[in-house]
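Take a look at the structure below.
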There are 2 protein chains.
Amino acid sequence: MAEEKARLSIAEIRDIATDACLACGASAAAAKSLVEATLSAALLGRPEVGFPHFIDYLHSLLEGRIDGKAQPRIQNPLPAFIHSDAKGGIAQLGFDLAFEDLVKRGRTFGVAIFSQRNSYTAGELGYYVRRLAGHGLVSMAVANAHALMAAAVGGKPVFGTNPLAFGAPLPAPHAPLVIDQAASATAFVKVVRAAAENVAIPEGWATDEAGEPTTDPTKAILGALLPFGGYKGANIALLVEVLSAGLSGAAWSLDAGNFRSGNEPPNVGLTVIAIAPAAVDPSFAVRSADHFRRLEELGVHTPGRRARRGSLDNAEVIEIDARLLDDIMTFMPS
Amino acid sequence: MAEEKARLSIAEIRDIATDACLACGASAAAAKSLVEATLSAALLGRPEVGFPHFIDYLHSLLEGRIDGKAQPRIQNPLPAFIHSDAKGGIAQLGFDLAFEDLVKRGRTFGVAIFSQRNSYTAGELGYYVRRLAGHGLVSMAVANAHALMAAAVGGKPVFGTNPLAFGAPLPAPHAPLVIDQAASATAFVKVVRAAAENVAIPEGWATDEAGEPTTDPTKAILGALLPFGGYKGANIALLVEVLSAGLSGAAWSLDAGNFRSGNEPPNVGLTVIAIAPAAVDPSFAVRSADHFRRLEELGVHTPGRRARRGSLDNAEVIEIDARLLDDIMTFMPS
């Protein structure tokens, strides 16, 4: 079904979204971090986790799952290790506060790591690696979330959808390589949508409450998502869990709060590793682009590379679902 | 079928394997690196890539795919970045030469990276992360190999089986957490074995030469392996390719030599990232073990953790297939 679209300039939507954040109790800094990440997802990354997901943030600010005034505590326990405690705030603010330093330390030492505990869920994970790729760095980002996914058929939910993102710089006119994928076979929202539309879900996506495979989305919502690719996908979820929650000291997925209900911050983890390819070869990006062109000729898709590149011009017009815009407007000061 | 086993002390098999390496033209240092990695796979890791794979190394030394006398050139372009050019030798020698320094730099800076170009295939990838876990470091290792795997049905081989390994230290009596898995749905050797035994392979393992799915192993050998978990597994292979070959400057899988035929080194890449969890929390290993116990109680397998821990006692007896031992003996000086 075609949905009605509203057309706004980037300056306009930025102002509206910022005002909505402020009205919901975000600090100016948190509002800026969240709105820029949302615009990046909408225009350079995955629009479905841009403004549609922004609504979750507004509700969570109002309902206590995000502390909009939280001031991350950022420390540097070792020269190439940046640690952040988000203190119940959004993940993007701690990352923004550390970003310049992460880039500098990545370039200076060859590799640097940012590991953050106790934030709201990370949003579009591709955002973090896309930004680092814009500064010439190869990077990997991982984040956990409250348990929604079993390790296998028959199991209870023990992992979040535990996404992993990977980015690498490419020369203009290409956008960077950006891989951004959940460890689950599908996103939870797709199951919710199937339930709303009363259609079956494919086998392999989820189990019911008893741990049995199901194609009924209403049963799947009470059960568990399944990993992509069987036990190997479950191992990726475990890797993500250890690197994000374990390393940062965040809540394990089993203990994390739900990001859509309740009044407590999820307190989950985000870890980003930034690597300087120029340490070995200043022509890394060109060499990679040449190789990806060969892969593309052989029919292999290299994600992100064909997306749009570059910065966001204030005057540029973006389209947004009219209903979504209305929803955002309801959070505005009257 | 039960195979006849030979029983030897570790000291005996170490001497036999070392003499076989030397007889095939390996330097003393290369022989030591290869034999210790093989013993580690056999006793602490994955025995199927221990001595059975050791035979591949001996053939490759004799046939020019490994330069047994190669002296890796190891550099330190940036403080936390170690780069190695294996110069056509085995991957394990460069890693051994850099190992102490990698551990030291990982602990000093919080994270350090080892990236190596132009080696023979990496062997058991869990070996690299298991050793680092033994020194309290969390790590990830990736390696490419000559193209055997398509990105999807209908494609040509463009990636190696491109394994990824992940390790994390756990307190005694546990062995470390070790994930070690190919990006392919199955190992090439399993297809070869199915062909030898004249049995069908499962759907989803491979395609024939025309890119069509096949369950006939003889057709699969001429075709391509398939990734685990569809496009997400193919993306993992791409991540591995960029981090191992791209970052190190090794041959892309498309350009790499076959490790079982021809007379040229494969010149592939290996990258290992080592992270110091103690930077944030000295109790990381204990906290992880506690969580893994909870996961285990919920039926979730945490790989490696139940394996045996510790060092290899010279007097200890190991069992090895009698035929395999005979094969190794044929390489000995007469």
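Among the residues that make up the stretch A:276-283, is at least one of them more than 7 Å from every other protein chain (Cβ to nearest Cβ), under 30 Å from B:PRO79 (Cα atoms) and polar (S, T, N, Q)?
Among the residues of the stretch A:276-283, at least one is more than 7 Å from every other protein chain (Cβ to nearest Cβ), under 30 Å from B:PRO79 (Cα atoms) and polar (S, T, N, Q), which makes the answer yes.
Results for (1) under 19 Å from A:ALA122 (Cα atoms); (2) among the acidic types (Asp, Glu), shown as yes or no for each residue.
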| position | (1), (2) |
| --- | --- |
| A:GLU36 | yes, yes |
| A:ILE55 | yes, no |
| A:LEU61 | yes, no |
| A:ARG65 | yes, no |
| A:LYS69 | yes, no |
| A:PRO72 | yes, no |
| A:LEU78 | no, no |
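In the stretch A:239-274, which residue that is surrounded by fewer than 24 Cβ atoms within 10 Å (Cβ to Cβ) and of a type in the set (D, E, K, R) is nearest to the other protein chains (Cβ to nearest Cβ)?
Ranking the candidates gives A:ASP255 first.
Whether any residue in the stretch B:96-116 is at positive phi and touching an Asp or Glu at 6+ places or on another chain (Cβ under 9 Å) is what I want to check.
No, the stretch B:96-116 contains no residue that is at positive phi and touching an Asp or Glu at 6+ places or on another chain (Cβ under 9 Å).
Taking the condition surrounded by fewer than 22 Cβ atoms within 10 Å (Cβ to Cβ) and under 23 Å from A:GLY126 (Cα atoms), does A:HIS83 pass?
no
Against the definition (over 30 Å from B:GLY246 (Cα atoms), among the hydroxyl-bearing types (Ser, Thr, Tyr) and within 14 Å of another protein chain (Cβ to nearest Cβ)), how does B:THR330 come out, yes or no?
no
In this structure, does A:GLY269 turn out to be under 18 Å from the mean Cα position of the chain (by Cα), modelled with pLDDT of 95 or more and of a type in the set (Gly, Ala, Ser)?
So A:GLY269 fits the description; yes.
For the stretch B:80-115, which residues satisfy the criterion of being closer than 23 Å to B:HIS53 by Cβ and among the acidic types (Asp, Glu)?
B:ASP96
Identify, from the list A:PRO72, A:PRO79, the residue that is more than 26 Å from A:ILE320 (Cα to Cα), away from chain B (no Cβ under 14 Å) and in contact with a Gly (Cβ under 7 Å, 6 or more places away or on another chain).
On inspection, the qualifying residue turns out to be A:PRO72.
Select from the stretch A:1-45 the residues that are of a type in the set (Lys, Arg) and under 23 Å from A:PHE95 (Cα atoms) and list them in ascending order.
Of everything in the stretch A:1-45, those that are of a type in the set (Lys, Arg) and under 23 Å from A:PHE95 (Cα atoms) turn out to be A:ARG14, A:LYS32.
For the stretch A:1-41, name all the residues that are of a type in the set (Ser, Thr, Tyr) and part of a loop (DSSP other than H, G, I, E, B).
A:SER27 - this is the single residue of the stretch A:1-41 that is of a type in the set (Ser, Thr, Tyr) and part of a loop (DSSP other than H, G, I, E, B).
On the basis of being touching an Asp or Glu at 6+ places or on another chain (Cβ under 8 Å), within 14 Å of chain B (Cβ to nearest Cβ) and not aromatic (Phe, Trp, Tyr), does A:THR302 make the cut?
Spelling it out, A:THR302 is indeed touching an Asp or Glu at 6+ places or on another chain (Cβ under 8 Å), within 14 Å of chain B (Cβ to nearest Cβ) and not aromatic (Phe, Trp, Tyr).
When only residues in the stretch A:276-304 that are touching a Phe, Trp or Tyr at 6+ places or on another chain (Cβ under 6 Å) and not aliphatic (A, V, I, L, M) count, which is surrounded by the most Cβ atoms within 10 Å (Cβ to Cβ)?
A:PRO277
Restricting the stretch A:93-148 to residues that are aromatic (Phe, Trp, Tyr) and either buried (at least 24 other Cβ atoms within 10 Å of the Cβ) or within 14 Å of chain B (Cβ to nearest Cβ) (or both), which is farthest from the chain's Cα centre (by Cα)?
Within the stretch A:93-148, the match that is farthest from the chain's Cα centre (by Cα) is A:PHE109.
Could you list all residues from the stretch B:187-217 that are within 14 Å of another protein chain (Cβ to nearest Cβ) and either in contact (Cβ under 8 Å) with a residue 40 or more places away in the chain or surrounded by 20 or more Cβ atoms within 10 Å (Cβ to Cβ) (or both)?
B:TRP205, B:THR207, B:GLY211
In the set A:SER84, A:SER60, which member is more than 14 Å from chain B (Cβ to nearest Cβ) and over 14 Å from the mean Cα position of the chain (by Cα)?
A:SER60
Answer with yes or no whether A:ARG287 is outside any loop (DSSP other than H, G, I, E, B) and among the basic types (Lys, Arg).
The answer is yes for A:ARG287.
Could you list all residues from the stretch A:311-334 that are part of a loop (DSSP other than H, G, I, E, B) and either without any contact (Cβ under 8 Å) to a residue 12 or more places away in the chain or closer than 19 Å to A:ALA6 by Cβ (or both)?
A:SER311, A:LEU312, A:ASP313, A:ASN314, A:ALA315, A:GLU316, A:THR330, A:PHE331, A:MET332, A:SER334, listed by residue number.
For residues that are closer than 30 Å to B:TYR120 by Cβ, in contact (Cβ under 8 Å) with a residue 40 or more places away in the chain and in a helix (DSSP H, G or I), tally how many sit in the stretch B:251-284.
Qualifying residue count, the stretch B:251-284: 2.
Mind checking which residues of the stretch B:218-238 are within 10 Å of chain A (Cβ to nearest Cβ) and either among the hydrophobic types (A, V, I, L, M, F, W, C) or at positive phi (or both)?
B:PHE228, B:GLY229, B:GLY230, B:ALA234, B:ILE236, B:ALA237, B:LEU238
Search the stretch B:152-178 for residues that are away from chain A (no Cβ under 11 Å) and on the phi < 0 side of the Ramachandran plot and pair each with any residue that is buried (at least 24 other Cβ atoms within 10 Å of the Cβ) and among the acidic types (Asp, Glu) when their beta-carbon atoms are under 9 Å apart and the residues are at least 6 apart or on different chains.
Note: pairs meeting the criteria are B:GLY160/B:GLU241.
Between B:ARG7, B:ARG46, which is of a type in the set (Lys, Arg), surrounded by fewer than 24 Cβ atoms within 10 Å (Cβ to Cβ) and in contact with a Gly (Cβ under 9 Å, 6 or more places away or on another chain)?
Within the list B:ARG7, B:ARG46, the selection yields B:ARG46.
The values are calculated or read from the model by the stated rules, or taken from the named source; none is laboratory data. The structure presented is a predicted model; accordingly, all values stated were derived computationally and were not measured. Here the Cβ is made from the backbone with ideal geometry for all residues, glycine too, and neighbour counts use every protein chain on show.
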